[in-house]
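Participant: Handing you this structure, nothing more for now.
The values are calculated or read from the model by the stated rules, or taken from the named source; none is laboratory data. Only a predicted model underlies this, so the values are computations on that prediction, with no experimental measurement involved. Glycine also receives a Cβ, built like all others from the backbone with ideal geometry; neighbour counts cover every protein chain displayed. Only protein heavy atoms, including side chains, enter the accessible area calculation; ligands, DNA and RNA are left aside. Shrake-Rupley method; radii C 1.70, N 1.55, O 1.52, S 1.80 Å.
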Amino acid sequence: ETVDASGKYVLPGAIDAHVHFREPGYVHKETWETGSASAAMGGVTTVFEMPNTNPPTGTPEALALKLKAAEASYVDFGIYGLLGEDNLDQLEALIEGGVAAFKCFMGNTFGNLPSPPTGAILEGFEIVAKHGYRIALHAENASIMARRQTKLREAGRNDPLAHLHARPPVVAVEAVARAAILAEWTGARIHVLHVSSGDELRPLREAKARGVDITAETCPHYLLLDETAYTDKKSLIRVNPPVREKTHQNQLWAAVQDRTIDMIATDHAPHSHEEKHRDEIWVADCGFTGVETQMPLMLSQVREGRLSLTDYVRMTSLAPAKAFGLYPRKGALLPGSDADLVVIDMEHEASIDSGLLQSKGASTPFHAHPIKGAPIHTMVRGRFVMRDQALVTEAKGHGKNVRRIQQMPAPAPRNVETTTQAILAYRPG
Ligand code: NCD
Ligand code: ZN
Ligand code: ZN
């Protein structure tokens, strides 16, 4: 199979460490077929998929259901197992069953999975640390935001900004700092999902300086939108954690430059049109589609000189490959070649059109957003899954579980002395 790539760039395919494909359980929002088709069209060759489905991916039985659904995938995938208070005795069976990483919901979000108390998180970290798999964190403090949301509701707030006010940065700062301490104590590897505020950068930098194996991602919406967008977008922009003020956005860009933030992931969180467009902010579902819009949005930033193409590839491909054990190559264990590639056209001008996305829950605050630069061909293990900006429908089911080729290095030893110092030395901003 050949394409003419003259005048184009050939990049490694993007690895999106944070997508929700909703199946099993919420197939009106997305399925593995539609979500992975969206990935293929977005230049994404591997996704890591989240456990807040129904049933949640917290037992080997639930994992088997998800792996069955994922057989429809166009792109390769890793599955996150749930790390919750009620399934600590299932974590090793989940590893046995083929999860690629774990996810812990420290704060409430879509799916309403309970947030484990700190004691359970510590035990979960201890168990997973023995096996080296990375634990991704929805790092928000459940208690702080529950109290604030109750107060804002009682005050009758029906302002999209109330969602932002219910989740001030301290909600995330507290959780990032706590998770870093637990990771340092146990030797667990962790990944901080959807960094949205400048304030989280301090505990992240401090943990990295102490040698904690901690990686972090931000998402296009935190880099490209700010609180002025709530007026127009209203409930459509509702996402956990919230899009914040410009000052946070500026600090996130600085953290992209100084590499405190390792990755750009999408938090692809599709919901139906009705679920996203509500008069009352508190009843709109949180999150929006993203796996297909990341590359055109971020390549446009590359064009504008805010990020080099090399840094873009590091953040969307190299860093997630290293963090989740897929580096340096796929090797011989999966069929096909190692070629996970995307051909991009930096001259391609268009605007994001939610009507053209493959995702079922295609509502996005980026609808009509102009872009310059886009993926045009995507290849997964030597096979085209998108060609000339069209989905190769025969490639449905080509995707494989990357767990088979994952190589996580041996767990790091814990260092109690520096942990204690860190706890004593930590002071908020
Ligand atoms: C995500 C979802 O809908 O699954 N929603 C969101 O607002 N980000 C859950 C999550 O990542 O917190
Ligand atoms: Zn989350
Ligand atoms: Zn998410």
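Participant: Given the C-alpha atoms of region 168-314, compute the convex hull and give its volume per residue in Å³.
Facilitator: 118
Participant: Of the heavy-atom accessible surface of region 81-222 (probe 1.4 angstrom), what whole percent is carbon and sulfur?
Facilitator: 51
Participant: What's the local net charge at VAL256, with K and R +1, D and E -1, over the other residues with C-beta under 15 Å away?
Facilitator: -1
Participant: Here's something else I'd like to know. What does the helix-only formula give at 222 nm for the chain: each DSSP H stretch with n ≥ 4 adding -39500 (n - 2.57), the total divided by the residues, and the result rounded to the nearest 500 deg cm²/dmol?
Facilitator: Value at 222 nm, helices only: -9000 deg cm²/dmol.
Participant: Suppose the chain between GLU71 and ALA332 were pulled fully straight at 0.36 nm per residue; how much longer would it get relative to their current alpha carbon spacing?
Facilitator: Length gained, GLU71 through ALA332: 91.9 nm.
Participant: With a probe of 1.4 Å, find how much accessible area region 1-134 has per residue, and write the answer as a whole number in Å².
Facilitator: About 33 Å² of surface per residue is accessible.
Participant: Take ASN112 and GLU96, extend 7 Å from each Cα along the Cα→Cβ direction, and tell me the distance between the two endpoints in nm.
Facilitator: With each label placed 7 Å out from Cα toward Cβ, I get 3.3 nm.
Participant: So with the 1.4 Å probe, I'd like the accessible area per residue for region 184-262, rounded to whole Å².
Facilitator: Value for region 184-262: 31 Å² per residue.
Participant: Are any of the pairs LYS208/LYS322; LYS103/LYS130; LYS29/LYS276; LYS8/LYS322; LYS330/LYS400; LYS29/LYS66 more than 18 Å apart by Cα-Cα distance, and if so, which?
Facilitator: Exceeds cut-off: LYS8/LYS322.
Participant: Full-extension gain between HIS28 and GLU304, please, as 0.36 nm times their residue separation minus the C-alpha to C-alpha distance.
Facilitator: Stretched fully, the HIS28-GLU304 segment lengthens by 95.7 nm.
Participant: Scattering from the C-alpha atoms of the chain alone, worked out with Debye: what is log10 I(q)/I(0) at q = 0.08, 0.10, 0.11, 0.12 1/Å?
Facilitator: -0.39, -0.63, -0.77, -0.94
Participant: To continue, here is another question. So how much slack lies between MET346 and LYS130, counting 0.36 nm per residue of separation and subtracting their Cα-Cα distance, in nm?
Facilitator: 73.3 nm
Participant: Further question: On the protein heavy atoms, probe 1.4 angstrom, tell me the percent of accessible surface of region 263-323 carried by carbon and sulfur.
Facilitator: Result for region 263-323: 47 percent of the exposed heavy-atom area is carbon or sulfur.
Participant: Go through GLY373, PRO411, CYS286 and say which Cα lies farthest out towards the positive end of the charge dipole of region 258-414; charges sit on Cβ, +1 for Lys and Arg, -1 for Asp and Glu.
Facilitator: PRO411
Participant: Also, I was wondering about something else. When the accessible area of region 337-383 is split by element with a 1.4 Å probe, what percent falls to carbon and sulfur?
Facilitator: 51
Participant: Which whole-number percent of Cα pairs in region 311-406 have a distance greater than 23 Å?
Facilitator: 38
Participant: How about LYS360: which aspartates and glutamates have a C-alpha closer than 13 Å to its C-alpha, ignoring those fewer than 8 places off in the same chain?
Facilitator: Partners found: GLU23, GLU30, GLU33, GLU274, GLU275, GLU292.
Participant: Please give the per residue accessible area of region 340-402, computed with a probe of 1.4 Å over protein heavy atoms only, in Å².
Facilitator: 40
Participant: With unit charges on the beta carbon (Lys/Arg positive, Asp/Glu negative), name the residue among PHE77, THR266, ILE127 whose Cα is farthest towards the positive pole of the charge dipole of the chain.
Facilitator: It is ILE127, whose Cα lies furthest towards the positive end.
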